[in-house]
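Notes to accompany the following structure.
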Amino acid sequence: MTTIHTARLTLRPITDADVADERIIGWHTDPAGYELMSEAPRTRDDAVESLQTWREGWDADGISYWIAEHEGTPVGIGGVCAMNYQSHPHLNLYYRLDPQSWRRGFGSEIACAATAYAQEFYTAGPVITRIAPANEPSLRIAERAGMEDLGPFRMPQDPEHLPDNLLFESPTARIGIGEAYDEVLDLWCRVNADGGAVGWEGAAPRDEVATVLDRHLSAEASTLLRLHAPNEETWNDPSQVGPLLGFGFIQRATWFSTAHRATLYRVMTDPQERGRNLGRILMGALHGQARRDGVEICEISYRGGTGLEKFYEQLGYVETGRLPGGLRFSWGEVDDVAMARRF
């Protein structure tokens with residue numbers, strides 16, 4: 001999957017025609033687009049060379065920057081591109097918009113799609129980006145895309161007279177419970193108390209939640225995937241992670257005729273981190289792990305009336321079944337809705 005669709009944009013790989021497109025070249029040479037950055041505008045030759053390199057990245061690495069189109073018209077460029085700095089393989093998050101498309105939220109749309117896409121399709125390293133501390137719009141976009149500020153990070157080409165750029169890094173996925181049992185249990189209890197539709201009507205006794213957690217952990221062909229924030233040590237030591245941001249279970253089918261399918265259970269993120277793209281990043285990580293396990297169809301069900309169908313539809317899910325009144329609660333009955341996505 002190299003072309004994806006967001007709420008308003010089509011994100012597609014760069015083509016040879018884009019490399020020669022004077023509009024796209026102009027986005028990279030216009031001084032107005034560099035006012036908040038710690039770098040000078042590119043020359044025309046540099047812009048063409050960069051575009052050509054990024055186009056070739058799709059052939060070499062299977063991933064690179066997209067051209068963002070709105071209603072068939074290119075409005076920007078961005079996404080993630082494979083890089084390696086001081087033996088640190090990573091994906092660099094980048095975007096640049098046509099000045100006529102500024103202040104329309106397209107930068108956030110590209111960045112949010114890119115961090116989730118990377119979790120699903122690229123496992124060799126994290127998504128990072130460096131942002132000048134004065135570039136407040138880009139700082140907000142990085143935070144909305146689910147990235148964490150790890151502090152100042154200087155590179156050799158940075159101008160000496162300017163402040164250090166800030167390094168942002170994407171969340172990290174981990175498999176299994178490890179030493180995170182209490183952290184997972186605590187998050188599940190917080191989500192219950194916040195009204196999340198993950199098994200209970202509201203706050204539930206901790207030991208009751210623990211019983212269900214243990215059941216999932218011991219189930220055959222069940223995989224727990226955890227999503228953690230990076231911390232100040234993650235860049236140099238990928239084994240180091242910060243707080244738990246979310247988790248979910250991949251339950252693979254074991255019967256021969258359904259072995260190509262898996263169901264996602266108990267997918268949740270920290271309610272205190274809403275609005276930061278973590279749900280989409282977590283689903284990307286779950287899909288990526290399922291894909292690597294040989295899964296071809298992912299299934300998920302949700303509690304009717306929660307509005308989750310819009311979220312899942314954006315991720316490629318379609319409704320496959322609905323049982324009216326299939327779930328009964330103290331306040332009444334709601335539909336039990338099933339959805340599925342093919343890889």
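The values are calculated or read from the model by the stated rules, or taken from the named source; none is laboratory data. Keep in mind that this is a model prediction, so the values were computed, not measured. Cβ placement follows ideal geometry from the backbone for every residue including glycine, while neighbour counts extend to all protein chains displayed. These area figures cover heavy atoms from the full protein model, side chains too; ligands, DNA and RNA do not enter into them. Shrake-Rupley method; radii C 1.70, N 1.55, O 1.52, S 1.80 Å.
So here's what we get for this one:
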| item | result |
| --- | --- |
| Residue among 26, 33, 79 that alone is within 22 Å of residue 147 (Cα to Cα) and either at pLDDT below 95 or in a strand (DSSP E or B) (or both) | 79 |
| Filtered residues of segment 262-299 (kept if without any contact (Cβ under 8 Å) to a residue 40 or more places away in the chain and on the phi > 0 side of the Ramachandran plot) | 294 |
| Subset of segment 310-334 [charged (D, E, K, R) and either over 15 Å from residue 198 (Cα atoms) or within 16 Å of the chain's Cα centre (by Cα) (or both)] | 310, 313, 319, 322, 333 |
| Subset of segment 175-198 [in a loop (DSSP other than H, G, I, E, B) and of a type outside the set (Gly, Ala, Ser)] | 177, 179, 194, 198 |
| Matching option when the condition is open to solvent by 20 Å² or more (accessible area, probe 1.4 Å), of a type in the set (S, T, N, Q), in a helix (DSSP H, G or I) and modelled with pLDDT of 95 or more, among 100, 52 | 52 |
| Hits in segment 198-246 - residues which are without any contact (Cβ under 8 Å) to a residue 12 or more places away in the chain and open to solvent by less than 40 Å² (accessible area, probe 1.4 Å) | 200, 202 |
| Residues of segment 322-341 classified as under 13 Å from residue 309 (Cα atoms) and either modelled with pLDDT under 95 or open to solvent by 30 Å² or more (accessible area, probe 1.4 Å) (or both), total | 4 |
| Among residues of segment 120-142, those that are under 12 Å from the mean Cα position of the chain (by Cα) and open to solvent by 50 Å² or more (accessible area, probe 1.4 Å), counted | 1 |
| Enumeration of residues in segment 277-306 that are open to solvent by 40 Å² or more (accessible area, probe 1.4 Å), within 20 Å of the chain's Cα centre (by Cα) and not acidic (Asp, Glu) | 280, 291, 292 |
